[in-house]
């Protein structure tokens, strides 16, 4: 079923919207949450919560890109769950590894997430990404949004793992500079 | 700010950046595609020089050149027969004159067509096509519907919808003199919809308030027909099958076959074909590791081409509710009266070569991994409502690796489509360029 037909089902409050969403995006969402949550039970619950969140938010939203819309919900719910469990950096997941890397971009100060205005930080990151070459941009997003392993990125982009790591290192330095310049409470 | 906050801030990055990163795999492959694409465009332009139709002198291959000149044949009911007109002349070695077709893309369509199973043999259906089928031509139909950008159909043919509705109602023994209603929203609902769009700063899209379905209700049956001439039959109350039949969402293949036998007998008037054929499709697993099968019937009479058309377009399905009762039947019988022509098709082996060369459409977010991962092929028609043409494709089931966090032995099979129509008639042979939903 077309994405816009699925979205139309949500707007019509037709519950087959959930079935169609699961059919189209169940594996996709599992892949995303699987890199954040070590527990299978948690993953299944988060994916189901994603469907519920989609049901409750469409309408009024009418996402252009359903995969991205659902992916963001699933990602946020996964991080929230880890935060609640107090285990953000545990579990040996790609998410935990990515946090270790991202620590280079921040000062680790006492400013809270709310105070930092994450939406504004996201906008700064977007602006910075648009200034980067496409390949760098894509690798960065796939590492720090999709949390793909270095090995997979190396394979998909035809590079050695060392080259990917080196590229990401330079990206993090450049991003830190951009965040500092914008005064993003880092 | 902490690292986890920065990671969380990634959730507010522009959707387009996320989508582009998700789609773009190997930029090196992308560059090669661009070169091939532009070369192909030049060759195509040189060959056809502005002509829409062309006689093409090609080496004669018995499998691709029909012995007789074919023409579109449809009878008064709009049904397609496999009629091939006799040629008055000898085979000149030229391909038949037929309009060029555009394949288009799957962009924006379907999230991801993939099937999870422990083995490919678990994925079943009743497709009458087999790899040893001896077919050299198949019909291509023009989609009679025009889609609006918001997904609604422009200019539904209400007269045709009414005819189809009454035909199905008669088959079910309903009172066809009862009034037919539609689903156009009433005044109160219109105001609610207008308010909702206003609240998000949008205008109500064209077609939102138009009737898109016709409805007839009688004695526990509610029929709805849409612009694609699909009739949904709601059973209210739902119909309980005899105790010995299991007809639940997760009944086994054998249980569904048994229940199908009862359905075929009980609703024989609905399946008013010469030779109703059962097609049970499904067998893939959901995230709870449950297998699901759908029960459908199609007309198995006529030539192989007829059966293929019936299987792909003209089917009747039966659905259960959570209690294992029959709650819905769906009769599909789209308007296939606009036959563009009978087109030469390539073999499955030729299609596989094209697949390996990257000429395919897919909603799978990974590149076709290689020949050793091809598990199955079948010939199907894609009849997406937004496609300009309904044409045949080879659907390849390819084992892919998607979920790094997977903890079971389930394999994922992604669907990759190669046009079955011979490339000489395609103005845009697809080439995968790393885009998701290409």
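Tabulated values for the structure
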| item | result |
| --- | --- |
| Segment A:163-186 - residue that is within 14 Å of residue A:123 (Cβ to Cβ) and in a loop (DSSP other than H, G, I, E, B) and, of those, modelled with the lowest pLDDT | A:185 |
| Residues being surrounded by fewer than 16 Cβ atoms within 10 Å (Cβ to Cβ) and either at positive phi or away from every other protein chain (no Cβ under 14 Å) (or both) - total across segment B:127-157 | 9 |
| Residues of segment A:138-152 that turn out to be more than 7 Å from chain B (Cβ to nearest Cβ), within 21 Å of residue B:15 (Cβ to Cβ) and either part of a helix (DSSP H, G or I) or in contact with a strand residue (DSSP E or B) (Cβ under 6 Å, 6 or more places away or on another chain) (or both), as a count | 3 |
| Qualifying strands (runs of 3 or more DSSP E) (wholly inside segment B:225-334; at least 2 residues being more than 29 Å from residue B:153 (Cα to Cα)) | B:231-239, B:276-285, B:291-299 |
| Boolean, residue B:413 is in a strand (DSSP E or B) and modelled with pLDDT of 95 or more | no |
| Filter pass, residue A:127 being surrounded by fewer than 17 Cβ atoms within 10 Å (Cβ to Cβ), within 19 Å of residue A:147 (Cβ to Cβ) and either facing another protein chain (nearest Cβ under 9 Å) or at pLDDT 85 or above (or both) | no |
| Matching residues in segment A:31-66 - criterion: being within 16 Å of residue A:147 (Cβ to Cβ), modelled with pLDDT under 90 and facing another protein chain (nearest Cβ under 8 Å) | A:31, A:34, A:35 |
| Positions within segment A:1-30 being more than 11 Å from chain B (Cβ to nearest Cβ) and in contact with a helix residue (DSSP H, G or I) (Cβ under 6 Å, 6 or more places away or on another chain), in sequence order | A:10, A:17, A:18 |
| Answer residue from segment B:178-214, given it is at pLDDT 90 or above and more than 22 Å from residue B:144 (Cα to Cα) and is nearest to the other protein chains (Cβ to nearest Cβ) among those | B:181 |
| For residue A:25: the one exception among (1) part of a helix (DSSP H, G or I); (2) within 27 Å of residue B:193 (Cα to Cα); (3) in contact (Cβ under 8 Å) with a residue 40 or more places away in the chain | (2) |
| Per-region count, segment B:180-205, residues exposed (fewer than 14 other Cβ atoms within 10 Å of the Cβ) and out of contact with any strand residue (DSSP E or B) (no Cβ under 8 Å at 6 or more places or on another chain) | 14 |
| Looking only at segment A:84-100, and only at residues there that are over 15 Å from the mean Cα position of the chain (by Cα) and in a helix (DSSP H, G or I), the one that is nearest to the other protein chains (Cβ to nearest Cβ) | A:100 |
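The values are calculated or read from the model by the stated rules, or taken from the named source; none is laboratory data. Keep in mind that this is a model prediction, so the values were computed, not measured. For neighbour counting, all protein chains shown are included, and Cβ atoms are generated from backbone atoms with ideal geometry for every residue, glycine included.
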